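The values are calculated or read from the model by the stated rules, or taken from the named source; none is laboratory data. Nothing here was measured: the structure is a model prediction, and the numbers come from that model. Using ideal geometry, Cβ is built from the backbone for each residue, glycine included, and neighbour counts are taken over all protein chains shown.
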Amino acid sequence: MNRQALITGGTKGIGLSVANGLLKSGFDVILTYGSDSIRANEVKQDLQQKYDSNIVLLQADISDLNSIEFINQYLVDNNIALDTLIFNAGLTNRTIFLEMELSAWKTIFDANVHFPVFLIQKVYDRLKIGSSVIFTGSLMGAQPHSVSLVYGITKSTVHALVKNLVKFLEPRKIRVNAVAPGFVDTEWQKNKPADVKVSINSKMAAGRFCEPDELTNVYLMLVENQYINGEVIVVDGGYSFK
Ligand SMILES: NC(=O)c1ccc[n+]([C@@H]2O[C@H](COP(=O)([O-])OP(=O)(O)OC[C@H]3O[C@@H](n4cnc5c(N)ncnc54)[C@H](OP(=O)(O)O)[C@@H]3O)[C@@H](O)[C@H]2O)c1
């Protein structure tokens, strides 16, 4: 029987690259997404042609906490216990601080913090003994964000969660870690002006954005390595060198 993985935001960008990596390693995958059903179905068809594994799509908005029960019910109905749970999807809001509304602030906290915390609580018994939880954090959780306070704070919280959850997941020997990317060439970055990208590139030793595939083996290492626990692994191309 294949090992089982659930990846939030698994239909594009970083999540899709990680999904490919897990499928190559023989996992079945449940890929959640937010709204782009057309793309999600194309991705599923494409993956299904490449791999024999079971591939499931779930539309589950991380800013709607009802998604927690929806995902749990899917696992219960299909009697699935997870070997790895990857909280990859994240939201941002770039409204300037002085105009930020509390309701919009709370939406980002729901998506980036409350959703993973309470999904872990809900599916705790469905996380296999010795399984692995992995978050996608961000370099902007380790350094102040220049535009979005709520993004920086929620990603910092994700990094803090990784450390704090170790104790609470230890009874089932579940390891919890995060990958904190710098700047990755995905749709997430599509609206960034070219001159801003040039400026960012000049601050990185790598001199360019990361390709999503360059992150995949970091996630796979965190799935497989039984001794790394409570760590946030920054993968930023040497952003701090200038
Ligand atoms: N790209 C970067 O430079 C960068 C850097 C550091 C950290 N990150 C983090 O990496 C993660 C993934 O980003 P990415 O660059 O791979 O983005 P992406 O290419 O835009 O992919 C985002 C994925 O998340 C899903 N998603 C979006 N909104 C959602 C919602 N409300 N509920 C559930 N799923 C949702 C998308 O599905 P739909 O389109 O169907 O909604 C898609 O599958 C995020 O947590 C982000 O903060 C990215």
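Against the definition (over 22 Å from T95 (Cβ atoms), among the aromatic types (F, W, Y) and surrounded by 22 or more Cβ atoms within 10 Å (Cβ to Cβ)), how does F115 come out, yes or no? In short, no.
Of all residues in segment 171-192, exactly one satisfies the criterion of being more than 21 Å from L91 (Cβ to Cβ) and surrounded by fewer than 13 Cβ atoms within 10 Å (Cβ to Cβ), namely P171.
May I ask you to verify whether K128 is of a type in the set (K, R), crowded, with 16+ Cβ neighbours inside 10 Å, in contact with a Ser or Thr (Cβ under 8 Å, 6 or more places away or on another chain) and at pLDDT 95 or above? So K128 fails the test. Among all positions in segment 170-180, there is at least one residue which is basic (K, R) and over 19 Å from the mean Cα position of the chain (by Cα).
For segment 135-163, what are the residues that are β-branched (V, I, T) and either within 17 Å of R94 (Cβ to Cβ) or modelled with pLDDT under 95 (or both)? If the condition is that a residue be β-branched (V, I, T) and either within 17 Å of R94 (Cβ to Cβ) or modelled with pLDDT under 95 (or both), then V147, V150, I153, T154 are the ones that fit. Applying the set (1) surrounded by 18 or more Cβ atoms within 10 Å (Cβ to Cβ); (2) touching a helix residue (DSSP H, G or I) at 6+ places or on another chain (Cβ under 8 Å); (3) of a type outside the set (A, V, I, L, M, F, W, C) to G34 leaves exactly one unmet item: (2). Within segment 7-17, can one find any residue that is under 23 Å from R172 (Cα atoms), buried (at least 16 other Cβ atoms within 10 Å of the Cβ) and of a type outside the set (F, W, Y)? The answer is yes; a qualifying residue exists. Counting only helices (runs of 4 or more DSSP H) wholly contained in segment 148-230, the ones carrying 1 or more residues that are farther than 29 Å from F27 by Cβ and in contact (Cβ under 8 Å) with a residue 40 or more places away in the chain occupy 149-169, 194-202. Among the residues making up segment 204-233, those that are closer than 20 Å to V133 by Cα and hydrophobic (A, V, I, L, M, F, W, C) are L215, V218, L220, M221, L222, V223, I228, V232, I233.
For segment 142-170, the candidate set comprises residues that are away from the ligand (no atom under 16 Å from the Cβ) and surrounded by 19 or more Cβ atoms within 10 Å (Cβ to Cβ); within that set, the residue that is farthest from F209 (Cα to Cα) is L169.
Here is a yes/no grid of residues against (1) within 11 Å of the ligand (Cβ to nearest atom); (2) closer than 23 Å to T216 by Cα; (3) surrounded by fewer than 14 Cβ atoms within 10 Å (Cβ to Cβ):
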{"site": "D28", "(1), (2), (3)": "no, yes, no"}
{"site": "Q49", "(1), (2), (3)": "no, yes, yes"}
{"site": "D83", "(1), (2), (3)": "no, yes, no"}
{"site": "F87", "(1), (2), (3)": "yes, yes, no"}
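Of the helices (runs of 4 or more DSSP H) contained entirely in segment 1-77, those carrying at least 1 residues that are over 20 Å from P116 (Cα atoms) and in contact (Cβ under 8 Å) with a residue 12 or more places away in the chain fall at 13-24, 37-50.
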